[in-house]
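Just so you know, all these numbers are worked out from the coordinates, no wet-lab data involved. Since we're looking at a predicted model, the values are computed, not measured. Cβ coordinates were reconstructed from backbone atoms using ideal geometry, including for glycine residues, and neighbour counts include every protein chain displayed.
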Amino acid sequence: MLLAIDTSAGTSVAVVDRDGGILAERSERDTMRHAEVVGDQIAAVLADAGVPVDALSGVAAGMGPGPFTGLRVGIAAARAFAFGVGRPVVPIVSHDAIAFERYRAGHEGGLLVITDARRRELYWSAYVGVDELGLPIREDGPGLAKPDQLPHASLARFDAATVSAGALGMLAELLYLHKRPFAVDEPLYLRSPDVTLSNGPKRVSA
């Protein structure tokens, strides 16, 4: 049983079980309120699912791609919660969760997953289908591009406003069950943060 958190596009938190499916999920589409809502959502889904913290085996964290400020909130929350309860963090590429959900809903063939990167840019990942276990096969990406420079134009395109933490958690459960590798435990920002540190102290004049 996993707690799953994703803040790469909006904020979504869920409790999932490999056999029971998505037990509880809360989502907020506002991309500016990650820090305000993620703690309440964690408490809410645990209460909704009736799951004690010690029943969790880990915390699935969406690693992006996503804008720096929002993405780091969810990853930090996942790591802090996991540390507090003595459970591992399971890193998952957020676009893989979107593709996983689309294929389970019946999509067939190639798929280009798109999420908003702001600054008039888009994050993208290209998939060619699913393997024998129903897990999405990512052929290329994640990447960052201007809307008129997106690759893989021949693929069916899906623009996602949010990432379902429920789908993220179920994907993590299946990867673990079938001994498939998780994502690298590093955020997929794909660009530098908006705020950078100065190279030295500012000069102060009288």
Taking the stretch 22-44 and keeping residues in contact (Cβ under 8 Å) with a residue 40 or more places away in the chain and over 20 Å from GLY70 (Cα atoms) leaves ILE22
Please indicate, with yes or no, whether at least one residue in the stretch 84-100 is within 22 Å of LEU150 (Cβ to Cβ), touching a strand residue (DSSP E or B) at 6+ places or on another chain (Cβ under 8 Å) and either acidic (Asp, Glu) or part of a strand (DSSP E or B) (or both).
yes
Looking at (1) farther than 16 Å from PRO91 by Cβ; (2) part of a strand (DSSP E or B); (3) under 16 Å from the mean Cα position of the chain (by Cα); (4) of a type outside the set (Lys, Arg), which is the only condition LEU23 fails?
(3)
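Kindly indicate whether VAL113 is part of a strand (DSSP E or B), β-branched (Val, Ile, Thr), surrounded by 22 or more Cβ atoms within 10 Å (Cβ to Cβ) and touching a residue at least 60 places away in the same chain (Cβ under 8 Å). Even if it seems obvious, please write down each step before you answer.
Numbers: part of a strand (DSSP E or B): yes; β-branched (Val, Ile, Thr): yes; surrounded by 22 or more Cβ atoms within 10 Å (Cβ to Cβ): yes; touching a residue at least 60 places away in the same chain (Cβ under 8 Å): no.
For VAL113, the condition - part of a strand (DSSP E or B), β-branched (Val, Ile, Thr), surrounded by 22 or more Cβ atoms within 10 Å (Cβ to Cβ) and touching a residue at least 60 places away in the same chain (Cβ under 8 Å) - is not met.
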Selection within the stretch 48-70 - crowded, with 24+ Cβ neighbours inside 10 Å and hydrophobic (A, V, I, L, M, F, W, C):
VAL59, ALA60, ALA61, MET63
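With ARG87, ARG102, ARG120 as the choices, which residue is more than 28 Å from GLY39 (Cα to Cα) and basic (Lys, Arg)?
Within the list ARG87, ARG102, ARG120, the selection yields ARG120.
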Are there any pairs with C-beta distances below 8 angstrom linking a residue in the stretch 81-100 that is in contact (Cβ under 8 Å) with a residue 40 or more places away in the chain to a residue that is of a type in the set (Asp, Glu) and surrounded by fewer than 20 Cβ atoms within 10 Å (Cβ to Cβ), with the two at least 6 apart or on different chains, and if so which?
VAL89/ASP185; PRO91/ASP185; PRO91/GLU186
